[in-house]
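Below is one structure; the comments refer to it alone.
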Amino acid sequence: SFLEGFGYSTNYTYIRQKGTGAAPAIALGVPKSTRNFTAFYERYGYSIRISDTYRDGSQASGANQNGITNAALFNEKYEQVDLSASVSLKDAFGFSRDLDLTLDATNILGETMTQNFQFDGAPMWYYDPGTTVMFGLRGKF
């Protein structure tokens with residue numbers, strides 16, 4: 001069939017948390033929602049996967065950061081897309097050796113991460129991991 005070898009995996013998580021009592025607390029660094037989606041094809045010696053991961057922003061610390069009353073740290077939302085592909089030269093082209101060509105690309109859209117000091121536009125830190133691309137040759141002897 002045309003769809004043989006195609007597949008996907010997906011996940012969505014929603015968390016509602018509320019602190020109560022004399023000392024209300026929440027789990028810091030836990031976003032309200034996250035989602036993951038991976039689509040793939042694996043057949044005839046070819047394999048390709050593309051994955052998308054997303055998380056909402058979240059509170060990263062309690063109040064009173066850097067000596068400022070009620071000021072907290074907040075992570076901004078983040079999304080990342082990764083790609084992985086390989087071809088088995090033995091299965092796809094009949095090579096006598098068991099060799100695979102591989103390609104892995106991380107953060108292919110070049111997303112950045114930011115943590116703000118209490119307000120949007122007041123970054124505490126900014127991280128640009130860039131895009132990483134790796135080519136490889138894998139074999140069995």
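The values are calculated or read from the model by the stated rules, or taken from the named source; none is laboratory data. No experiment lies behind these values; they were computed from the predicted model shown. Positions of Cβ are generated from backbone atoms using ideal geometry, with glycine treated the same way; all protein chains shown enter the neighbour counts. Protein only, heavy atoms only, side chains kept; ligands, DNA and RNA dropped before computing areas. Shrake-Rupley method; radii C 1.70, N 1.55, O 1.52, S 1.80 Å.
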>> Which pairs turn up if I take residues in the range 121-139 that are assigned to a strand (DSSP E or B) and look for partners that are open to solvent by 90 Å² or more (accessible area, probe 1.4 Å) with beta carbon separation below 8 Å, at least 6 apart in sequence or on another chain?
In response: Gly139/Arg97
> What is the number of the single condition among (1) at pLDDT below 95; (2) among the small types (Gly, Ala, Ser); (3) open to solvent by less than 80 Å² (accessible area, probe 1.4 Å) that Ser96 does not meet?
Replying inline: (3)
> Taking the stated definitions as given, is Ala85 small (Gly, Ala, Ser), in contact with a Lys or Arg (Cβ under 9 Å, 6 or more places away or on another chain), at pLDDT 95 or above and in a strand (DSSP E or B)?
Replying inline: yes
> Does any residue in the range 89-106 that is farther than 24 Å from Ile50 by Cα come within less than 7 Å, Cβ to Cβ, of a residue that is open to solvent by less than 50 Å² (accessible area, probe 1.4 Å) and modelled with pLDDT of 90 or more six or more places away or on a different chain, and which pairs are these?
Replying inline: Phe95/Leu89; Arg97/Gly139; Asp98/Gly139
> Checking Gln59 against (1) in contact with a Leu (Cβ under 7 Å, 6 or more places away or on another chain); (2) more than 25 Å from Tyr12 (Cα to Cα), which single condition isn't satisfied?
Replying inline: (2)
> Which of the following residues is aromatic (Phe, Trp, Tyr), surrounded by fewer than 11 Cβ atoms within 10 Å (Cβ to Cβ) and at pLDDT 90 or above: Phe119, Phe135?
Replying inline: Phe135
>> If the requirement is being open to solvent by less than 60 Å² (accessible area, probe 1.4 Å), under 14 Å from the mean Cα position of the chain (by Cα) and of a type in the set (A, V, I, L, M, F, W, C), which of these qualifies: Leu83, Leu89?
In response: Leu83
> Say we look at the range 63-74 and pick out the residues that are of a type outside the set (Gly, Ala, Ser) and open to solvent by 30 Å² or more (accessible area, probe 1.4 Å); which of these is farthest from Thr114 (Cα to Cα)?
Replying inline: Thr69
> Going through the range 72-88 one residue at a time, which ones are within 12 Å of Glu42 (Cα to Cα) and in contact (Cβ under 8 Å) with a residue 40 or more places away in the chain?
Replying inline: Ser86, Val87, Ser88
> Of all residues in the range 32-50, which are under 15 Å from the mean Cα position of the chain (by Cα) and either at pLDDT below 95 or surrounded by 16 or more Cβ atoms within 10 Å (Cβ to Cβ) (or both)?
Replying inline: Thr34, Thr38, Arg49, Ile50
> Listed residues Gly29, Gly110; which is more than 20 Å from Arg138 (Cβ to Cβ), modelled with pLDDT under 95 and surrounded by fewer than 16 Cβ atoms within 10 Å (Cβ to Cβ)?
Replying inline: Gly29
>> Among the residues in the range 53-64, are any more than 29 Å from Tyr126 (Cβ to Cβ) and in a strand (DSSP E or B)?
In response: no
